[in-house]
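Engineer: Below: one structure in structure tokens.
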Amino acid sequence: MKQSLLTILFILAVGQLCRFGLPWWAVAPIGAVAGWLFPQMPVKSLAAGFIGGFLLWLLQALWLDMGNEGILSGRIGSLFMGLSTAQLLQVTGLLGGLLAGFGCLTGRWARDLVVQTAKAG
């Protein structure tokens, strides 16, 4: 539980710090670093990365949406079969969660690979 919370907080903190200078996909390497630093079972690593990425992207999208009073999300939602603002924010969070979750799982597996190779050699 502690490792999961640390993973979520790491993704939220570093993702927030890096959002101005890095591209949208930077949450995957951030998740990979979190998976490496806070090892746990692969399913828990995936879940913690997903929650961290979901919250990060959802909160950032919500902040931007409130900044322009929902005008942009309304227009983009109409392009995608009339999605409401809430649905569009949920889809954004889902994509961020998947990206961070798979990044976190990759970091966890990379750590296993390096540690097992070091023990065998």
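Bear in mind these aren't lab numbers, they're just calculated from the coordinates by the rules spelled out. Computed from a predicted model, the values in this text were never measured in an experiment. Cβ sites come from the backbone with ideal geometry, for glycine too, and all protein chains shown count toward neighbours.
Engineer: Projecting each Cα onto the charge dipole of the range 2-120 (Lys/Arg +1, Asp/Glu -1 at the beta carbon, about the Cα centre), which of Leu88, Ser4, Ile51 comes out farthest on the positive side?
Structural biologist: Ser4
Engineer: So if R0 is 41 Å, what FRET efficiency would Leu64 and Gln3 give, r being the distance between their Cβ atoms, rounded to the nearest 0.05?
Structural biologist: So, using R0 = 41 Å, E works out to roughly 0.85.
Engineer: Any chance you could run the full-extension gain for Ser78 through Leu95? It's 0.36 nm times the residue separation minus the Cα-Cα distance, nm to one decimal.
Structural biologist: Going from the current span to full extension adds 4.2 nm.
Engineer: Expected output is a single nm value to one decimal: the length gained when fully extending between Ile71 and Val114, i.e. 0.36 nm times separation in residues minus the C-alpha distance. What is it?
Structural biologist: In short, 10.7 nm is gained.
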